[in-house]
Every structure is written in structure tokens, then in C-alpha cells.
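One structure below.
The values are calculated or read from the model by the stated rules, or taken from the named source; none is laboratory data. Just so it is clear, the model here is predicted, and its values are computed rather than measured. Neighbour counts are summed over all protein chains in view; Cβ atoms, including those assigned to glycine, are modelled from backbone coordinates with ideal geometry. Surface accessibility is based on the protein's heavy atoms, side chains included, excluding ligands, DNA and RNA. Shrake-Rupley method; radii C 1.70, N 1.55, O 1.52, S 1.80 Å.
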Amino acid sequence: MQSPHDDALAKRSGAGATKPLAAVPDAVRVSPAGAVGASASFAELLQRVKAEGLLNPARGYYVGKLALNTALLAVGFVAFFELGDSWLQLLVAVWMGLCGAQSAFMWHDAGHKSMFGTHWTASLMGYIHANLVNGVSYGWWVNHHNRHHSHPNHLEKDPDIGRRTAIFDMKQYSSRSRRGRFIVRYQSVLFFVLLVLESYKMQRTAVLTLARNEVRRRWLEAALITVRAAVYLTLVFTVLPVALGVAFILVQQAVLGVYFGLIFAPNHKGMAVRDGEEEELDWLARQVLTSRNIRPSLLMDFLYGGLNYQVEHHLFPAMPQRSLRRARELTREYCAERGMPYHEVGFWASYREVATFLHEVSAPARQERAAA
């Protein structure tokens, strides 16, 4: 994955004619004259980060992460075969769902080239953890995620907004189907309920993407996903009776989907949203003002795979997980110096903010329905 924090990008600025953001101070807007303003401030922050070696590869760290993930999966497989025909297998299904999400952090970091320096090693890790372990298209995800990082929370340019059932702005409501409008009206609740389908939706997207030949290594990805499906279904229905096997798959996929959703939900929802054909904000403002951190701890860092440092991850996409905690200290300090809003909250507060935002955005839809 291309790293948007290159030095050249740090010096770039441009004009924009998009919807104004009340939360954006004048000091961090892009100058209509194209002058180097807030962009230069990112170059200064980048220099501080580089001075401490925070962008250096962390191969040993990721070898340890890969070993831990392998061990967690091995525990699940041992329990699966030992239990056999037992409804306690649903606990194993929960465990394997959690392991799948932990594995997703590996394909995420591989895609950002923060895991290993060589392209082929990163791609190998990506295909193994996305296609083979989770049934997701790594090629689709890299393209999709690149565009998200370039324009987070932009109604027209961020594909993460376009593919969501929930809306970020009422202008999106008119394009929804009858079913979609019902979901939007109650999205503050249904968004979280429907997370059980998130893994299924990503796997379905993988199949459709490969069928349309929209990725470079189509046959490799298709082969890996096919092998995964064959092994997965064979193991489940060889070891378990049909009813228990179906229950195992449903629970494992639901847990994986909810975990996926709870990882990405607090990252940007409820933060600054932009619209229009061009960007209004430079790189620093674009990433800081649209991202929300969850207050770190050893538990949060593990559960979120470093994505609780969403501000720093967006500023420095190729930064290894282990460097994000120190980068947070530097970024918070720098934003305070420059008067840049920096948003960080606790675990529960982050989801309250997301639910409140979704409720407020969809309020006109409920009012419209009530008046009909």
C-alpha cells in the first residue's frame, strides 16, 4: 500500500470549494492561494517522528505477533477436534471469530507495508491472512483502504462511507431503497445489530470482485478463497453434525463480523465530514479532524491491533503498531502547540458518540416518516 505520508505530500497544499466545517479553525484550512501553510506543519511533525525512528520497520515485533496469532488459532483447532460433537463447540466458534479479527490486523499492517519491508513478503502475509484465513479479497481491500486513507470521511471520495448501510449525511438518504430507509431511520441501533453480517458482506464482496476481474492476481485470490471454503466446510461438517455445524458457522461469522465492526465504528463516525469535488483540508487537518482515538491501555492496544491510535495511524499509515503509542505523545503535544483539535475518549464514550451521531443524522428521516 502506498504510504501517503511521504515528504513530498507533506509539502503539498491546494484549493478546495467544499462544505465548511465549523470545527475546523482557520489555522488548519488549506490556503486558496495554494501557499504552504498547515502542510508545512505536518512536515515538522513528520520530522519529529522520524527523529525517533518511529517509522523504522519492526520485523521482530511482527514475528512475535504472527507467532502469537498462530498459537491462538492452534488452541482453537485443538479444542475443536477434542470437543467433537458437543454444543460447547459454540465457545470454540466464538474463539475462532476473535482469532479471525486478530488475523485481520496482520493483513491490515501488511497492506500498509508496516510489517515487513519487501513487497513480496508483505503481499504474502496479506494473501494468507485476508484470503486464506478470512475469505476476504486482499487486492480489493488494499485498493479500497488506500482511497479511504486519502480522503477519510469525505462523502464523495471515501469508499468506506459509500458501502455502509448507515448514512453520514441526509443527502445520502434519497438514494436508499425502502428497506435501506427503514434501517437509516433507526440506524443508531440497527447499525450495531447488523454488524453480525459484516464478515459475510466482506466475503460476498470478495466473490463479486473476483467474478468481475477487478483485482490483479485474480486466480491466486480465487484459489486461496476456494481452498479456505473447502477446508473450512469439510472440517466443520466432518467433525460436527449438520445442525451443530450450521450453528458453529453462524456464531463464528457473527462474532467475526461484530469484532470487525466494533474495530472500525469509532474511528471516524461523528467526526468532521466533508463534501464536494475537491479537498478543503490539507493532510494534517484531514487526518486529525476526521479521526477519533480510544484511550490506550495494554488491553485496548491488543483488542484494536493499534487502531485505537486512529489519528496517528492515519497520519503515518506505514508506522508499525509498536510505535503508535509514542507517536501519540508527539502528535498530542504538537496539536496542542498548534491549536489543532485532537479527539480522544474512553472505550464506552467512543460508542456513545457514534450512536449519538447516527441518531442525530437520521432525525430528519424519522420526522419525515412521522409527518407522512
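Expressed as a whole percent, the accessible surface of region 270-354 that belongs to carbon and sulfur atoms is 53, based on a 1.4 Å probe.
Counted by Cβ distance under 13 Å from VAL345, the other residues give a net charge of +2, where Lys and Arg count +1 and Asp and Glu count -1. Considering only protein heavy atoms and a probe of 1.4 Å, how much of the accessible area of region 140-240 is carbon and sulfur, as a whole percent? Percent of accessible area from carbon and sulfur atoms in region 140-240: 59. Using C-alpha pairs under 8 Å with a sequence gap of at least 6, the mean separation divided by the residue count of the chain gives a relative contact order of 27 percent. Once backbone amide H atoms are built at 1.01 Å from N, LEU281 has no partners under 5 Å, excluding neighbours fewer than 5 places away on the same chain.
Enter the angle in degrees (range 0 to 90, nearest 10) between the Cα long axis of helix 242-268 and the first principal axis of the Cα atoms of the chain, meaning the one along which they spread out most. Tilt of helix 242-268: around 10 degrees.
Between their Cα atoms, which of LYS50/LYS269; LYS65/LYS157; LYS113/LYS201 are more than 28 Å away from each other?
LYS50/LYS269; LYS65/LYS157
Less than 5 angstrom separates the built amide H of SER137 from those of ALA206, all sequence-distant by 5 or more or on a different chain.
Short-range pairs are left out: with C-alpha atoms under 8 Å and at least six residues apart, the relative contact order of region 129-245 is 34 percent. For region 209-224, backbone phi angles converted through the Karplus equation (6.51, -1.76, 1.60; θ = phi - 60°) give residue-by-residue couplings of 5, 5, 5, 8, 6, 9, 10, 5, 9, 4, 6, 5, 5, 5, 5, 5 Hz, Gly and Pro being listed as x. In the chain, the longest principal axis of the Cα atoms and the axis of helix 89-111 are about 40 degrees apart. Distance from the alpha carbon centroid of region 327-372 to that of region 153-170 works out to 15 angstrom. Using the average count of surrounding beta-carbon atoms within 10 Å as a protection proxy, the listed peptides 261-270, 186-195 rank, highest first, as 261-270, 186-195. Between [x] 56, 50, 48; [y] 68, 53, 44; [z] 67, 60, 40, which matches Cα extents along the principal axes in Å calculated for the structure shown? Given [x] 56, 50, 48; [y] 68, 53, 44; [z] 67, 60, 40, the structure-derived one carries the label [z].
Once the 1.4 Å probe is applied to the protein heavy atoms, the chain comes out at 45 Å² accessible per residue.
Against the main long axis of the alpha-carbon atoms of the chain, helix 38-51 sits at an angle near 60°. Using the rule -39500 (n - 2.57) for each DSSP H run of four or more residues, divided by the residues of the chain, the 222 nm mean residue ellipticity is -19500 deg cm²/dmol.
Under 5 Å from the amide H of ARG176 lies no amide H of any residue 5 or more positions distant or on a separate chain, with H modelled from the backbone and absent for Pro and chain starts. Derived scalar couplings between HN and Hα for region 134-146 equal 10, x, 10, 6, 5, x, 4, 5, 4, 4, 4, 6, 4 Hz in order, rounded to whole Hz, by the Karplus curve 6.51 cos²θ - 1.76 cosθ + 1.60 (θ = phi - 60°), x for Gly and Pro.
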